[in-house]
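A short write-up of the structure that comes next.
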Amino acid sequence: MERVPLEKKVLSENDRIAADLRARFQEHGVFCLNLISSPGSGKTSLLECTLGAFPRHDRVAVLTGDIQTENDAIRLKRFHFPVKQITTGGTCHLDARMIERHLADWPLEDLDLLLIENVGNLVCPSSYDLGEAAKIVVLSVTEGEDKPLKYPSIFFKSDLLVLNKIDLLPYVPFDINAAADNARRIHPGIEIVKVSCLTGAGLHEWMMWLEQRRRAQKQLVQQPVG
Ligand SMILES: Nc1nc2c(ncn2[C@@H]2O[C@H](COP(=O)(O)OP(=O)(O)O)[C@@H](O)[C@H]2O)c(=O)[nH]1
Ligand SMILES: [Mg+2]
């Protein structure tokens with residue numbers, strides 16, 4: 001009986017901090033993305049490919065969340081952009097306060113793009129706004145094409161579905177068109193890119209999406225108010 005009001009209170013407090021973060025991101029022209037998937041779908045791999053494609057002087061930073069270990073931060077630091085691990089110690093999602101705390105010593109005026117890798121989980125992260133401009137859901141071809149129907153919330157809330165590991169399609173019974181149809185049943189407007197972080201297939205489309213959205217946000221910020 002007590003659980004519902006408490007959960008509501010936690011979420012509304014999270015929403016308040018997330019709204020504050022979103023306003024600060026907009027004020028400083030920071031484009032923020034929140035990457036969500038099951039463990040092992042390829043979030044860190046996609047970030048490795050993405051950071052590897054950016055010029056060294058690009059104003060990009062990464063926050064990467066996990067229940068335990070600094071492993072993902074170690075993988076991502078190789079690209080010489082600022083990276084911080086957020087270790088949740090058991091919590092199955094990132095929340096806005098964790099983002100706020102880990103950004104405290106990163107001046108936002110030095111950033112254009114903030115990439116957040118959420119904790120591997122298709123359920124809990126979908127309830128926690130982090131102040132991002134868009135959520136991105138990653139689904140790999142070994143997970144089953146029914147996942148958008150089973151975990152609708154995250155597919156409904158994401159602007160983009162990255163279908164990863166397409167290099168494995170010859171070896172697994174995964175119907176990629178059915179996966180895309182299922183995602184569109186939940187969210188008709190969802191955009192979809194099909195990639196392989198291993199071979200590099202489709203990564204150009206992903207980078208195009210990223211750059212287009214980044215530019216669109218910049219134009220929005222530069223437009224005079226009124
Ligand atoms: N075959 C194949 N393996 C991949 C691909 N992307 C990632 N992997 C592998 O999948 C595993 C999990 O990837 P990781 O990026 O750590 O997933 P995360 O838990 O979502 O961050 C690793 O062994 C990766 O090498 C891909 O496109 N194709
Ligand atoms: Mg990872």
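Laboratory data are not the source of any read-out in this text; all were calculated from the coordinates shown. Owing to the predicted nature of the structure, the values given are computational and were not obtained by experimental measurement. Cβ atoms come from the backbone with ideal geometry, glycine included; neighbour counts cover every protein chain shown.
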| said: For segment 197-226, give me each residue that is under 17 Å from the mean Cα position of the chain (by Cα) and within 23 Å of residue 40 (Cβ to Cβ). | reply: 197, 203, 205, 206, 207, 209, 210
| field | helices (runs of 4 or more DSSP H) lying entirely in segment 135-226 (those with 2 or more residues that are acidic (Asp, Glu), surrounded by 19 or more Cβ atoms within 10 Å (Cβ to Cβ) and more than 15 Å from ligand 1 (Cβ to nearest atom)) | value | none
